[in-house]
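Remarks on the structure that follows.
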Amino acid sequence: MAKITRITTQKRANQRYNIFLSDENQGERYGFSVDESVLINFQLRKGMEISDAMAATIKKSDSMYQSYTLAINYLSLRMRTKKEMLDYLTEKEVDPSHISSVMERLVNEGLLDDRQFAEMFVRSRINTSSKGPAMIKQELMNKGVEAYIAEDALKQFSFALQYDKVQGLAEKKLQQKKKQSFQKQLQNIQALLQQKGYTKDVIQSVFNDLPCARDDHAEWEAIIHHGEKLRKKHTVKRSGFELKQKIKEGLYRKGFSLDLIQQYIETYLEKKE
């Protein structure tokens, strides 16, 4: 049986205390350190006698508390999923026997809740990003949220909200001056929106209502740009009908209409013959 001779505050952590012990066989020695909450919980005080078994229990309780404090500090930055917390505690080499207890306590205290995390995550993505439902769902699942929980959370991302997002993105892209056909621009925008996680239904709905009409001047400038590039590329090996066909094929693949292609051919090729 040992007796507590001194209790001192640690210099670098004033919430932790050093416990000094003495017994019949040894003089005063450092015994162990504990957090303030453990000190209070076990009512540790000068002159108190503790057995080896009790000392082991106190140390175990303090170790558990440190693991819990580590988790709380991790949560102080933002909410976490169960998987994120498990990965973090494992990475920090927390005693495996403590991890399940800490996780259970956090869940019971409402500090670890995948459903609440998913709801807040989706809300944040809607307000701060251009990502669509499919991409957000994948993000949640990567963080360990189960698919059905992610899907429930995504119900708040209504069709109307998606429509507004897609409409804004599409109009912004169309306003950017690019040397592409109008059709090609639409194809590129559709591909981008699908990559961001929006469905074809909402994309097509927006495209049907787009107020933007094709800019004929920009379209003509674009076909001249691509037509001249194709002409320079193929003139070396081709001429006449074969050259025209090659250019027509190239311009058609780039999304230009047959009427506009013919107009370009008549203006820039046939007059030069």
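Residues that are surrounded by 15 or more Cβ atoms within 10 Å (Cβ to Cβ) and of a type in the set (D, E, K, R) were ranked within the range 33-79; the one that is nearest to residue 17 (Cα to Cα) is 35. Of the candidates 125, 115, 105, the single residue that is charged (D, E, K, R) and under 13 Å from the mean Cα position of the chain (by Cα) is 125. Can you name every residue in the range 80-116 that is polar (S, T, N, Q), farther than 23 Å from residue 152 by Cα and surrounded by 15 or more Cβ atoms within 10 Å (Cβ to Cβ)? Answer for the range 80-116, where residues must be polar (S, T, N, Q), farther than 23 Å from residue 152 by Cα and surrounded by 15 or more Cβ atoms within 10 Å (Cβ to Cβ): there is none.
Would you check if there is a residue in the range 6-21 being at pLDDT 90 or above, part of a loop (DSSP other than H, G, I, E, B) and more than 25 Å from residue 106 (Cα to Cα)? Yes, the conditions are met somewhere in the range 6-21.
Specify the residue that is nearest to residue 62 (Cα to Cα); the eligible residues are those in the range 11-32 that are surrounded by 11 or more Cβ atoms within 10 Å (Cβ to Cβ) and within 40 Å of the chain's Cα centre (by Cα). Checking each candidate, the answer is 16.
Here residue 235 meets each of (1) assigned by TED's automatic domain parsing to the domain that holds residue 254; (2) out of contact with any Leu (no Cβ under 9 Å at 6 or more places or on another chain) with one exception, condition (2).
Selection over the range 25-63 of residues that are part of a loop (DSSP other than H, G, I, E, B) and either touching a strand residue (DSSP E or B) at 6+ places or on another chain (Cβ under 9 Å) or farther than 12 Å from residue 1 by Cβ (or both) gives a count of 11.
The values are calculated or read from the model by the stated rules, or taken from the named source; none is laboratory data. Quantities reported herein were computed from a predicted structural model and do not represent experimental measurements. All Cβ positions, even for glycine, are placed from backbone atoms using ideal geometry, and neighbour counts span all protein chains on display.
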